[in-house]
Amino acid sequence: MNHQTPGEEREPRRISRTVAGLSTKVLLLTIVFVMVAEVLVFVPSVSNFRRQWLMERLQAAQIASLAAEAAPGGRLPAKLRDELLDSAKVKAISVKRQDARVLIIEMDMPEDVDGSYDLRDASWMTLIADALMVYVAPDDRIIRVVGEPGFTPARPLTWSWKRVR
């Protein structure tokens, strides 16, 4: 029943594995799920960190504005003004009173504002997009942030900030 001729040897059949084995599929699937989980954790935590950092800047700006408003005659010496703004890490501070925005303190800043953020009604998608844009934005841009730092909620505070290396 053997259809083989006596001089002909039979070669073992090799099965081509064009499709990966089960262990390879499980490994790749595990890697994909871990990477997706990392993104789902990383992106919201980055946006939350940025929002908290901006709120801390607003609180520091509010403290600096209270110190500036307490100055006699409402005028600060240039050295004290620069020290207040530097400690708050901002360029200018303004406060909204009734229907007018009052500039409390400012450095000499002729630059234009590159971005504006309102933390009072920011959606989570906006916060995530803004946080991710920081990675590709230039280091010397000036942003404007509006928000209520929490000390006096009736007074929205605006500050401008220049990223320092």
Of the accessible area of the stretch 36-100, computed with a 1.4 Å probe and all protein chains kept, carbon and sulfur make up a percent value of 58
Name the residue farthest towards the positive end of the dipole of the stretch 61-136 from the options 65, 90, 119, assuming +1 on Cβ of Lys and Arg, -1 on Cβ of Asp and Glu, about the Cα centre.
65
Tabulate in residue order the Karplus-calculated ³J(HN,Hα) for the stretch 81-96, using 6.51 cos²θ - 1.76 cosθ + 1.60 with θ = phi - 60°, rounded to whole Hz; enter x for Gly and Pro.
4, 5, 5, 5, 5, 5, 5, 7, 6, 10, 9, 7, 9, 9, 10, 8
Karplus (6.51, -1.76, 1.60) ³J(HN,Hα), θ = phi - 60°, over the stretch 20-36, in Hz, Gly and Pro reported as x:
5, x, 4, 5, 5, 4, 5, 4, 5, 5, 5, 4, 4, 5, 5, 5, 5
Sort the stretch 26-113 into rounded, prolate or oblate with this rule: let a ≥ b ≥ c be the square roots of the eigenvalues of the Cα gyration tensor; rounded if a/c is under 1.5, and if a/c is not under 1.5, prolate when a/b is larger than b/c, oblate otherwise.
prolate
Probe 1.4 Å - accessible area at residue 126, Å² to nearest ten
60
List the residues, sorted by chain then number, that are 5 or more residues from residue 117 or on another chain and whose placed amide H is less than 5 Å from its amide H.
144, 145, 146
Accessible area per residue of the stretch 39-141 at 1.4 Å probe, in Å²?
64
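The values are calculated or read from the model by the stated rules, or taken from the named source; none is laboratory data. Worth saying up front: this structure is predicted, and the values here are computed from it rather than measured. Methodologically, a virtual Cβ is constructed for each residue, glycine included, from the backbone with ideal geometry; neighbour enumeration extends over all protein chains shown. The accessibility values were calculated without ligands, DNA or RNA, using every heavy atom of the protein model including side chains. Shrake-Rupley method; radii C 1.70, N 1.55, O 1.52, S 1.80 Å.
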